[in-house]
Amino acid sequence: DADERVTPQLARELQALLAPPSGGGEHQTYSIPRRNYIGSRWVRYGGWYPSAQMKLFKKSVFRWEEAAVHPRAISDCSWGVLRHDLIHLSYRDVDDFIRKQDRYTTLEAQKWVADQRRVSLGKSLWRTIDRFVRSYIMKQGFRDGYLGWVAACMAGQYQWIAYRKYRRATAA
């Protein structure tokens, strides 16, 4: 992706993996750990790292998930995990995080409406609290200081904002 950077260590790992005679290693798909950043700060906790995603695969053994927001590559084949990180420049700053969340929650609400999903107030409140608690406490987001607090708040807020947009769309 345009907001991702290959580290020199990952480049060497990829070169070794793809070099003959193995030419791709023992697996047909590989996930790569991602180091996610908000501005210049690496967000290490709260579920943000290693955030591995399938990024290396043979085109013949995968398909894209049908999703408007962050579609994933899906495969039934065996997969390996690379050791070195991919740098993911997730957001330029907290304001960029907020702008993108606004766009993503709109897409999420539209998806719920299109799927004719029933989303209740209680379930949305539960998910809001659950996402914050999981990110900040259980996945130790507090260890990232202020940025961990912001990320955990945004994780919980995502559910609430998407619900409000869903209610607005279904009330018409």
- Note on the structure: Of the convex hull drawn through the C-alpha atoms of segment 100-169, the volume per residue in Å³ is 74 Å³
- Item | Whole-number accessible area per residue in Å² for segment 1-120, which is evaluated in the context of all protein chains at 1.4 Å | 64 Å²
- Task: At a temperature of 10 °C and a viscosity of 1.306 mPa s, determine how fast the chain diffuses translationally according to Stokes-Einstein, using the Kirkwood radius over alpha-carbon pairs as Rh; express D in µm²/s, rounded to the nearest whole number.
- Result: 89 µm²/s
- Query: Can you give me the Cα centroid spacing of segment 1-21 and segment 91-129 in angstrom?
  - Reply: 34 Å
- Task: Report the full-extension gain for the segment M138 to V6: residue separation times 0.36 nm, less the Cα-Cα distance, to one decimal in nm.
- Result: 44.6 nm
- Note on the structure: Two pseudo-spin positions, 7 Å from Cα along C-beta at C153 and at A16, lie apart in nanometres by 4.3 nm
- Quick one: with all protein chains in place, what share of the accessible area of the chain is carbon or sulfur, to the nearest percent (1.4 Å probe)? 53 percent
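The values are calculated or read from the model by the stated rules, or taken from the named source; none is laboratory data. Bear in mind the structure is a predicted one, so any value in this text is a computation, not a measurement. Here Cβ is always computed from backbone atoms with ideal geometry, including for glycine, and neighbour counts include all displayed protein chains. What goes into the accessible areas is simple: the full protein's heavy atoms, side chains included, and nothing from ligands, DNA or RNA. Shrake-Rupley method; radii C 1.70, N 1.55, O 1.52, S 1.80 Å.
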